[in-house]
Amino acid sequence: MIFLFHITLRWSLELPTSISNIIFQGALGMSVFFILSGFVLTYRYFQEQPMNDYKNYLVKRVAIIYPVYILASLLTLPWVIISPASSDIFSWLTTALTYALIIGLNLFLLQGWFPSLFNYWNNSATWSLSVELFFYLLFPWLLC
């Protein structure tokens, strides 16, 4: 559903209205995913309350998403293009700082907190990983 939702954002699909209405609600799929993930994590870790090994938990969670995320980021890095407004030093410096900010935010999975920068890298789809990491960090305290 989420995949089809993203496709229809780029290319209009000729589908019956009833199916289109369901697909256009694809963004809700992310909410369902987060709720389901929270349920599964709670079910898995609730028996260990209070969580004894936070470091082990966090390493396992990050190991699931981060390696593939970094690979995808490196593969898409050549398409990160920010054109300077002019050729003066101030414009060049502004562009360099913008690149550094975008790369830094994406490297530390903080891009979800800056929606205005979504379209510069990874086709804005990685916001969900930023949110997922936030909840991974918050989860042990919510569990208590």
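Here residue 8 qualifies as more than 18 Å from residue 127 (Cβ to Cβ), within 20 Å of the chain's Cα centre (by Cα), open to solvent by less than 70 Å² (accessible area, probe 1.4 Å) and not charged (D, E, K, R). In the set (1) in a helix (DSSP H, G or I); (2) open to solvent by less than 60 Å² (accessible area, probe 1.4 Å); (3) modelled with pLDDT of 85 or more, the condition left unmet by residue 71 is number (2). For the range 11-53, filtered to residues that are more than 18 Å from residue 64 (Cβ to Cβ) and among the aromatic types (Phe, Trp, Tyr), the residue that is surrounded by the most Cβ atoms within 10 Å (Cβ to Cβ) is 24. The conditions of being open to solvent by 60 Å² or more (accessible area, probe 1.4 Å), at pLDDT 85 or above and in a helix (DSSP H, G or I) are met by residue 101. For beta carbons closer than 6 Å, sequence separation of 6+ or different chains, a first residue in the range 1-12 that is free of Cβ contacts under 8 Å to residues at least 60 places away in the same chain and a second that is not charged (D, E, K, R), the qualifying pairs are 1/26; 1/29; 2/26; 2/29; 4/23; 5/23; 5/26; 8/23.
The values are calculated or read from the model by the stated rules, or taken from the named source; none is laboratory data. Remember, predicted model here, so these are calculated numbers, not experimental data. All Cβ positions, glycine included, derive from the backbone under ideal geometry; neighbour counts span all protein chains shown. Each accessible area value is taken on the protein alone, full model and side chains, heavy atoms only, with ligands, DNA and RNA left out. Shrake-Rupley method; radii C 1.70, N 1.55, O 1.52, S 1.80 Å.
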